[in-house]
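Below is one structure, written out as structure tokens, with a few remarks after it.
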Amino acid sequence: MSPGPRATRRAARGATRWEQWSDERLLELRLCDLHLVLERSPLATALRDLERELGERGLQRFRPHAWLSSEWFSPDGVPGIALPFYLAHPRLMRLERRMMGAVEGGSAVALRRLLRHEAGHAVDNAYRLHARRRWREVFGPISTPYEQHYRPEPYSRAFVQHLPHWYAQSHPAEDFAETFAVWLGSPALWRRRYRGWPALAKLEYVDELMQRIAAKRPEVNLRERTESIDGLTTTLREHYADKRARYTARFPFTFDRGLRRIFSRALPGDRRPRAAAFLRKLRPQLASRISLASDSPTYTVDQVLHDMIARAAELKLVVDTPLAPARLDAALLVAVHTVRFLHTGYHRLAR
């Protein structure tokens with residue numbers, strides 16, 4: 001239900017009140033006191049685009065509801081999507097980047113990918129698709145435990161590649177959500193992209209399944225808004241302390257020792273190049289060269305670099321050696337962690 005005029009004006013005044021604050025002052029504000037309104041945020045357009053895509057692919061009767069929360073997720077049994085609050089305002093996106101080194105869903109492409117993925121969970125919940133025998137045969141039982149770490153197989157063609165870190169391989173529910181997300185795009189594109197892959201059979205099953213349910217009413221119509229931002233009383237500082245602790249364990253190992261060996265901690269007023277910017281500039285070159293030298297997929301190396309850059313930003317590291325040896329040291333560090341990643345496993349962050 002859309003907010004009334006009075007609530008909307010109050011929310012607008014609340015946003016005006018804090019959007020000019022410093023980061024330190026903003027961090028003391030409670031999430032519920034941000035007074036964000038999803039319908040008046042940049043996310044509203046992206047959600048309308050998602051509804052249009054669902055309609056174009058024949059799902060006329062399925063429309064997931066959405067709300068703002070602390071993170072991305074679709075609750076078990078609820079045909080809806082929770083979106084992270086920071087995407088509702090540019091000021092909060094800037095804070096997210098400062099605190100986490102990146103903004104998940106911060107670009108139009110990334111936002112569309114994530115919405116398509118969460119829509120996969122929502123349609124599964126709406127029609128209880130995971131209870132079907134054929135669904136279990138294709139993707140596996142939904143009762144499979146979510147493991148803290150999963151070991152992806154980057155060369156596997158049994159899974160689609162949509163979100164980073166081969167997320168489809170982490171659990172049958174994620175395999176379906178990722179497959180649905182790819183299916184929601186152009187059939188011509190995914191048929192060409194996955195021609196000859198076992199994953200194509202999964203896409204064709206989803207295509208058949210969606211045609212079967214297209215004209216049916218959803219079995220589940222709960223409009224529950226789990227962990228809605230309106231009821232979250234933690235401060236932004238507390239939120240980011242918890243989020244940083246969880247993301248530190250993103251890999252079952254850390255980059256800290258290697259990064260600190262190559263780079264130095266920034267000092268007040270430091271004008272030396274930031275290590276995160278240095279690595280970001282090298283990222284395309286390192287990904288392709290290390291992939292070729294180590295016989296690892298370029299995608300693997302790129303994911304390691306993505307998380308390494310975020311950690312270098314969080315540690316506030318700078319380059320304090322000549323650039324040529326720093327580039328060599330960085331390449332060696334990325335190569336070592338790429339191999340460790342492939343042989344140890346990836347830490348799963350629940351959605």
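Things worth noting here:
- Selection count where residues are buried (at least 16 other Cβ atoms within 10 Å of the Cβ) and either part of a loop (DSSP other than H, G, I, E, B) or of a type in the set (Ser, Thr, Tyr) (or both), scope region 198-219: 2
- Number of the exception - Pro79 against (1) surrounded by 21 or more Cβ atoms within 10 Å (Cβ to Cβ); (2) closer than 30 Å to His306 by Cβ: (2)
- Tally of residues being of a type in the set (A, V, I, L, M, F, W, C), under 13 Å from Arg57 (Cβ atoms) and in contact (Cβ under 8 Å) with a residue 60 or more places away in the chain across region 198-214: 4
- Scan of region 147-175 for residues that are in contact with an Asp or Glu (Cβ under 9 Å, 6 or more places away or on another chain) and hydroxyl-bearing (Ser, Thr, Tyr), ordered by number: Tyr167, Ser170
Residue by residue, here is whether (1) at pLDDT below 95; (2) closer than 20 Å to His162 by Cα holds:
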site: Pro64; (1), (2): no, no
site: Ser74; (1), (2): no, yes
site: Pro79; (1), (2): no, no
site: Met93; (1), (2): no, no
site: Gly101; (1), (2): yes, no
site: Arg134; (1), (2): no, no
site: Gly140; (1), (2): no, yes
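- For region 50-73, a residue qualifies if it is outside any loop (DSSP other than H, G, I, E, B), touching a residue at least 40 places away in the same chain (Cβ under 8 Å) and not acidic (Asp, Glu), and the qualifying residues are Leu50, Leu54, His65, Trp67, Leu68, Ser69, Phe73.
- Complete set of residues in region 312-335 that are among the hydrophobic types (A, V, I, L, M, F, W, C) and either within 16 Å of Leu267 (Cβ to Cβ) or surrounded by 15 or more Cβ atoms within 10 Å (Cβ to Cβ) (or both): Ala312, Ala313, Leu315, Leu317, Val318, Val319, Ala326, Ala330, Ala331, Leu333, Val334, Ala335
- Of the helices (runs of 4 or more DSSP H) lying entirely inside region 252-324, those containing at least 1 residues that are aromatic (Phe, Trp, Tyr) span 275-294, 298-314.
The values are calculated or read from the model by the stated rules, or taken from the named source; none is laboratory data. On a predicted model such as this, the values are computed, not experimentally measured, just so you know. Note: ideal-geometry Cβ built from the backbone for every residue, glycine included; neighbour counts use all protein chains shown.
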